[in-house]
Amino acid sequence: MRDYIKKRWHKYNENKSWFSKISDLIFVLLVIGMLIPASRKEISAFAARLLAGSPKTIENEKQQMVPADAWNWEFQTMDGKNVTFSDFQGKAVFLNFWATWCPPCIAEMPDIQDLYDQFGDESVFLLITDEDPAKVKAFMERRGFKMPVYINRGGVPQIFSTNSIPTTWIISPEGAVIIRKTGAAKWNSQSMQDTMKELIARSR
């Protein structure tokens, strides 16, 4: 058995380039990591981040307007203050449903933070979760995220209904959904920065 393994190893060394060997090693380490519960979420988030692409804008004729009754949707700040969606009407809105246990959510949050750092003063960022505020606060502090997080208390409007997280909507100042993206995305891409600048310029 030992001779067989040595023979296979020598053959592997002879036929593989250094790049292929490194790629194989990374793959093996990823597989081992996925078998360890403590690292599984981080590795999944890393993989999701590598695969994420820049979100696409919906064609004008296919864009939906946020219905009038959807603006009555209420949720809460982290300290329990009630907020109504209509408080943000007339502004560019970045609306994201997420959770601390969700690897694709974790994967895209650094990009969301970068986008918030650039445009948070002139637009609205709403990161909505169903989780306990204490758990969410600890997660945000541990990772150094500063985006505002809100707690969903039910009654999500149909236009924002989803069975998957993360799901993100970008809403224009006129109330049109110009982007709807399920899964992790590169939110700080140049095209997304240009979109935010354009929306902010149209804000009332």
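Read the figures in this text as sums done on the coordinates, not as results from a lab. Given the structure is predicted, the values throughout are model-derived calculations rather than measurements. With ideal geometry, Cβ positions are generated from the backbone for all residues, glycine too; neighbour counts draw on all protein chains shown.
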Out-of-range pairs (alpha-carbon distance over 21 Å; input K81/K146; K135/K181; K81/K135; K81/K197): K135/K181; K81/K197
Estimated vicinal HN-Hα couplings, Hz - the stretch 184-191 in sequence order (Karplus 6.51, -1.76, 1.60; Gly, Pro = x): 5, 9, 8, 6, 9, 5, 4, 5
Among K91, K81, K137, which comes first, then next, by fewest other beta-carbon atoms within 10 Å? K81, K137, K91
For the stretch 133-148, in residue order, the Karplus 3J(HN,Hα) values (coefficients 6.51, -1.76, 1.60; θ = phi - 60°; whole Hz; Gly and Pro = x) are x, 5, 5, 5, 4, 5, 4, 5, 5, 5, 9, x, 8, 10, 5, x
Convex hull around the C-alpha positions of the stretch 76-204: the volume in Å³ per residue is 103 Å³
Relative to a virtual label point 7 Å from the Cα of R142 in the Cα→beta-carbon direction, which members of the stretch 99-118 show backbone nitrogen distances below 19 Å? 99-111, 113
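Tell me, what is the FRET efficiency for S161 and W101 to the nearest 0.05, using R0 = 30 angstrom and their Cβ-Cβ distance as r?
Working from the Cβ atoms, E equals 0.90.
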By how many nm would the segment from Q118 to N72 lengthen if fully extended, with 0.36 nm per residue of separation less the alpha-carbon distance? 13.7 nm
Between the stretch 77-156 and the stretch 159-186, what's the alpha-carbon centroid distance in Å? 13 Å
Check cross-link reach from K56 to the aspartates and glutamates: straight Cα distance under 13 Å, and skip same-chain residues fewer than eight apart. D194
